[in-house]
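No lab work stands behind these numbers, since they all come straight from the coordinates. This one's a predicted model, so the numbers in the text were calculated from it and none came from an experiment. Cβ atoms come from the backbone with ideal geometry, glycine included; neighbour counts cover every protein chain shown.
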Amino acid sequence: MDVFVQQLINGLTLGSIYGLIAIGYTMVFGIIGMVNFAHGDVFMLSAFVALIVFLVCTAWLGIGSIALALFIVMIVAMLVTALWGWTIERVAYRPLRGSFRLAPLISAIGMSIFLSNFVQVAQGARNKPIPPMVQDVIVLWTGPTGYTVALSYKQIIIMAVTAVLLTIFWYVVQKTSLGRAQRACEQDRKMAALLGIDVDRTISLTFVIGAALAAVAGTMYLLYYGVVSFADGFVPGVKAFTAAVLGGIGSLPGAVLGGLIIGLIETMWSAYFSIEYKDVAAFSILAIVLIFMPSGILGRPEVEKV
Amino acid sequence: MSDPTAPAREPLLTLRGVKTFYGNIIALKGVDLDVHQGEIVTLIGANGAGKSTLMMTIFGNPRAREGTITFAGRDITQMPTHEIARLNIAQSPEGRRIFGRMTVYENLQVGASLDGGVHFEEDLERVCTIFPRLKERLHQRGGTMSGGEQQMLAIARALMSRPRLLLLDEPSLGLAPLVVKQIFDVIRELNEKDGMTVFLVEQNAYHALKLAHRAYVMVTGTITMSGTGAELLADPQVKAAYLEGGRH
């Protein structure tokens, strides 16, 4: 029971990060029907931006308050990464719109390779650590066997920031004209244009929002693990993509749900079975779910009544 | 194609020598057409004549490869689709294309997004008066409504932007005769009360010709005939081709 609760906390933390990345995959897929393979690397890049901004804040500017530093780091990382997201769409995907279906996919893989290599060349191939930021832990209870169930401040921050941002994001998508334009383009781009919606601009905005949420995930990742490397885009990226597919690609709540499920499977499997096979477990669950629910947990069927 | 019955003013919408292609296949073979302020103009023709292509060509999707399209004195031939819409042309397109996963209310909101929604409440009231059925269904998802209701929604959505020109593509398609009559009554009322300019594409030639001030007949991408609605209704050729079988 103690182990279970501890792993539940860990799993939800990890799942929050996956969920934030997964939204970027699912939104882009929803609007242009393309899997943005570069999204994991955008996430990795954002963690590097966060790292640099953090070092600038603490070492150069001498900001003593961790909370303030973290806030600045997150905002700057979101802005810079959003700009990357916008540029990537502009350079690598928009020129290929209207081309055959595989073209933007290949371009995305190329962009993924470019981003990880760019960071490797610019920042070096070694792991980049930061001094530990938030160390405190709340001990919830100590079990009879001496096992301590703890909730760290880091985990609280990660889950709280994720919840707040997802709420804001949900409000934007559901209640603002921007969100309605986004959903209209997702359902019928041709009709959206007939109603005066600038489809290209809406697609750009989708990439910007996806990248900004990935930057939140990147900042949280850096806060949680305290280390990042140029290769860190791949595995979390694939996991988040898996989360998006598991939840039902194109569905926003599905992306978050999928992220949490993948996070939980991973941590639970590590605790009760073997840590080496945690990824195998996560992907096996994906395969099994897709056999019985081909459109994911909250996804909608491919064919719609016309 | 000068028409003696047309008012003398500068037309609101003008098409001159418009040619549209799908790949190498020609769909419109040089269309000339005018719609004047305050008119109901209809375009009739058989399946595949190019009527819907013409509607979409006005919006630049597909784009006319030759010829010019002018709206309110501006050349819109090469303008992006959303900018054409922003000149206050609205379309209820072929197949209705309502946003099925949005509520009726949200569909109307998207329709009103052009003017930033400043008149939203007022316009919502107005379309709900025109189509009381929509008022009952405001918070239902568009995709769950019947064909007739979806058609009403498509027209209502187009009206939300307060268009200067309303394009209607086959509003009667697949609907029960009673609903068709209702929709045609609405079009007439919009025109008479609000002075709305309407360009109507129809297969239901009898109703369309009775409603329209002027009409054009299209056969495989070419305008073959034009005149007032009453003239075409009495024309033996039109009768033979489009009104036989007493489809009214």
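Numbers below:
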read-out	value
Region B:90-147 versus region A:66-114: alpha-carbon centroid distance in Å	35
Kirkwood Rh (inverse of mean 1/r, distinct Cα pairs), the protein assembly as shown, angstrom	26.4
Furthest towards positive pole of dipole, A:222, A:57, A:29, structure part region A:15-233, Cβ charges	A:29
Cleavage-rule hits, chymotrypsin sites (Phe, Trp or Tyr not before Pro), region B:172-227, DSSP coil, Cβ neighbours within 10 Å at most 13	none
17 Å reach of a label modelled at residue A:2, 7 Å along Cα-to-Cβ, counting backbone N of region A:147-162	A:147-152
Reachable aspartates and glutamates, given that their alpha-carbon falls under 17 Å from the alpha-carbon of residue A:239 and they are not under 8 places away in the same chain	A:41, A:266, A:276, A:279
When the convex hull of its Cα atoms is projected in every direction, mean area for chain B (nm²)	13.0
GNM flexibility winner over chain B from B:203, B:237, B:91 (Cα, springs under 10 Å)	B:237
Max mean-square fluctuation residue, GNM over chain A, Cα-Cα springs under 10 Å, options A:135, A:187, A:174	A:135
Label-point separation, residue A:114 to residue A:138 (7 Å along Cα→Cβ), nm	4.5
Inter-centroid distance (Cα atoms) of region B:191-248 relative to region A:1-59, Å	59
Estimated 222 nm signal from helices in chain A, with DSSP H stretches of n ≥ 4 weighted -39500 (n - 2.57), rounded to 500	-23500 deg cm²/dmol
Net dipole in debye of the protein assembly as shown [+1 Lys, Arg Cβ; -1 Asp, Glu Cβ; about Cα centre; nearest 20]	360
Computed [θ] at 222 nm, deg cm²/dmol, chain B (DSSP H ≥ 4; -39,500 (n - 2.57); rounded to nearest 500)	-9500 deg cm²/dmol
Förster radius 45 Å - calculated FRET efficiency between residue A:297 and residue B:219, Cβ distance, rounded to 0.05	0.30
Over chain B, relative contact order from alpha-carbon pairs under 8 Å, at least 6 apart, %	26
Inter-part distance where region A:220-242 and region A:146-196 are each reduced to a Cα centre, Å	20
Distance between modelled label sites at residue B:136 and residue A:75, nm, 7 Å Cα→Cβ extension	5.2
Peptide B:86-97, shielding by other chains (average Cβ, 10 Å cutoff)	3
Inter-label distance, nm, simple model (7 Å from Cα along the C-beta direction), residue B:103/residue A:125	5.7
Electrostatic dipole magnitude of region A:15-233 [Cβ: Lys, Arg +1; Asp, Glu -1; Cα centre; debye, to 20]	380
Gain upon complete extension [residue A:283, residue A:147; 0.36 nm per residue less C-alpha separation]	46.0 nm
Residues in region A:1-29 reached by a label modelled at residue A:274 [backbone nitrogen below 13 Å; 7 Å Cα→Cβ]	none
